[in-house]
């Protein structure tokens with residue numbers, strides 16, 4: 001892909017697969033591994049509510065192809081702080097442009 005072209009990734013918030021849709025996905029040892037047979041990105045919503053151990057992220061990363069990406073939702077405590085700063089015209093470098101909370105992995 002030329003350097004000026006951007007790749008668009010399509011994914012979902014989470015990676016649970018309803019049983020009625022399971023035949024649409026490939027084989028895998030987990031829902032995430034099966035999800036990764038159709039999509040190349042997933043949002044991790046649970047990080048908004050609680051922190052995870054590094055080994056959890058490592059386990060998830062080990063179950064998907066190297067080209068797979070995670071969008072990690074920032075903790076809920078950060079979102080109001082960013083909104084408060086933005087309401088005062090302050091653009092903090094670590095805050096999202098709006099009050100959405102996510103960080104895409106490289």
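The values are calculated or read from the model by the stated rules, or taken from the named source; none is laboratory data. Please read all numbers here as calculations on a predicted model, not as lab measurements. Positions of Cβ are backbone-derived with ideal geometry, glycine not excepted, and every protein chain shown enters the neighbour counts.
Which helices (runs of 4 or more DSSP H) sit wholly inside the chain and have at least 2 residues that are touching a strand residue (DSSP E or B) at 6+ places or on another chain (Cβ under 9 Å) and modelled with pLDDT of 90 or more? Break it down into steps so the answer makes sense when it comes.
Working: elements: 31-35, 54-62, 78-87.
So the answer is 31-35, 54-62.
Among (1) exposed (fewer than 14 other Cβ atoms within 10 Å of the Cβ); (2) on the phi > 0 side of the Ramachandran plot, there is one condition residue 10 misses while meeting the rest; what is its number?
(2) is the only condition that residue 10 fails.
Here's the yes/no breakdown for (1) under 16 Å from the mean Cα position of the chain (by Cα); (2) surrounded by 10 or more Cβ atoms within 10 Å (Cβ to Cβ); (3) within 17 Å of residue 69 (Cβ to Cβ):
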{"position": "18", "(1), (2), (3)": "no, no, no"}
{"position": "24", "(1), (2), (3)": "no, yes, no"}
{"position": "33", "(1), (2), (3)": "yes, yes, yes"}
{"position": "40", "(1), (2), (3)": "yes, yes, yes"}
{"position": "48", "(1), (2), (3)": "yes, yes, no"}
